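Participant: One structure, pasted below without further comment.
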């Protein structure tokens, strides 16, 4: 049985580009008179959603991802009946509870207790049903001390906890959740993930919008990728995530570079720097370790020369540097002429979600006859890796 059926759904907004500025009374009168004799400026149509169609099976957890402005929140607002579509049809079987913004549906002047009962009544529940889950709702939200305080005095975190608890515990068959869990703390996120897992096992349907790929991977069986109001892809979770990161990164970084690169002093030649376990679109999952292989040749004997890798975040801030010089195999030893392979292993869960850039640095401490302090002789920017 299909809990949600969306057919050719579109939402169009009229966007005016008229310049907004302060004008005087005389100019206002002149404009009003002139408008009687001139054609009205036509507004431009903006498609927040454009011919979107999909089904959600009962008990399924369907995720919706995409860049900001792709239409995710508009889709949930239409499904929640907050706004009406311009065209298309939505068929929903079951009671819907939505959590689109912090405290959505709460009345500011009512207490937490009164808002719980109001939310339950809106969902069509009987008072005895609400009483049955009341203590559980309050306990999960952690607002026992403030349950009879007006919601307008709650912090954003308290509102979020109570809103999620109400939506999760009042037995709605369909749960619509936007990117609101980011407001909560770590402990609350863990509780929410556990509750959503229980909801899934109970056969209830969840439509989940999020930028947090860790949540998406753990919860969702299928994903929809939205781009400029249209469905770019529907499919299994990991397939769609691969496409999403390939789309926003638009770079293939399995091979950072593989052409022979001669250094200015010709002490070393770099042949290859490669990420061994990164996918074609430069993506790696947080739970996987990273392995970077560098192949190079030393041209002069008795040289103390080392390969170093620097890891930067999206803002260009250095996260850490891996020094080959600290390896037990070569520490304090001279480097004879020959071809070498260097492997840098980075454990899983070291990076956060997002882009990491890797650069190669070559340092030379001199020869056996003449030692010197670390001296950077070459630097080369590598590729980008997206962690999700």
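The values are calculated or read from the model by the stated rules, or taken from the named source; none is laboratory data. Treat the numbers as computed from the prediction; the structure is a model and nothing was measured. Positions of Cβ are backbone-derived with ideal geometry, glycine not excepted, and every protein chain shown enters the neighbour counts.
Participant: Checking residue 221 against (1) more than 19 Å from residue 48 (Cα to Cα); (2) modelled with pLDDT under 80; (3) surrounded by fewer than 20 Cβ atoms within 10 Å (Cβ to Cβ); (4) out of contact with any helix residue (DSSP H, G or I) (no Cβ under 6 Å at 6 or more places or on another chain), which single condition isn't satisfied?
Facilitator: Unmet for residue 221, out of (1) more than 19 Å from residue 48 (Cα to Cα); (2) modelled with pLDDT under 80; (3) surrounded by fewer than 20 Cβ atoms within 10 Å (Cβ to Cβ); (4) out of contact with any helix residue (DSSP H, G or I) (no Cβ under 6 Å at 6 or more places or on another chain): (2).
Participant: Hey, which of the helices (runs of 4 or more DSSP H) in segment 84-186, taking only ones fully inside, have at least 2 residues that are surrounded by 15 or more Cβ atoms within 10 Å (Cβ to Cβ), touching a strand residue (DSSP E or B) at 6+ places or on another chain (Cβ under 6 Å) and modelled with pLDDT under 90?
Facilitator: In segment 84-186, 156-169 are the helices (runs of 4 or more DSSP H) which contain 2 or more residues that are surrounded by 15 or more Cβ atoms within 10 Å (Cβ to Cβ), touching a strand residue (DSSP E or B) at 6+ places or on another chain (Cβ under 6 Å) and modelled with pLDDT under 90.
Participant: Can I ask one more? Of the conditions (1) buried (at least 17 other Cβ atoms within 10 Å of the Cβ); (2) at pLDDT below 70; (3) over 24 Å from residue 62 (Cα atoms), residue 283 fails just one. Which one is it?
Facilitator: (3)
Participant: Restricting the search to segment 337-370, which residues are in a loop (DSSP other than H, G, I, E, B), at pLDDT 75 or above and more than 15 Å from residue 313 (Cα to Cα)?
Facilitator: Within segment 337-370, 337, 347, 348 qualify.
Participant: Here is a follow-up. Quick one: residue 206 ticks every box in (1) modelled with pLDDT of 85 or more; (2) assigned to a helix (DSSP H, G or I) except a single one, so which number is it?
Facilitator: Checking residue 206 against (1) modelled with pLDDT of 85 or more; (2) assigned to a helix (DSSP H, G or I), the one that fails is (2).
Participant: All but one of (1) at pLDDT 75 or above; (2) outside any loop (DSSP other than H, G, I, E, B) hold for residue 288; which doesn't?
Facilitator: Here residue 288 meets the rest and fails (2).
Participant: Now a separate question. Can you find a residue in segment 65-79 that is more than 23 Å from the chain's Cα centre (by Cα), more than 20 Å from residue 218 (Cα to Cα) and free of Cβ contacts under 8 Å to residues at least 24 places away in the same chain? Full working, then the answer.
Facilitator: If we filter segment 65-79 for residues that are more than 23 Å from the chain's Cα centre (by Cα), which is where we start, we get none.
There is no residue in segment 65-79 that is more than 23 Å from the chain's Cα centre (by Cα), more than 20 Å from residue 218 (Cα to Cα) and free of Cβ contacts under 8 Å to residues at least 24 places away in the same chain.
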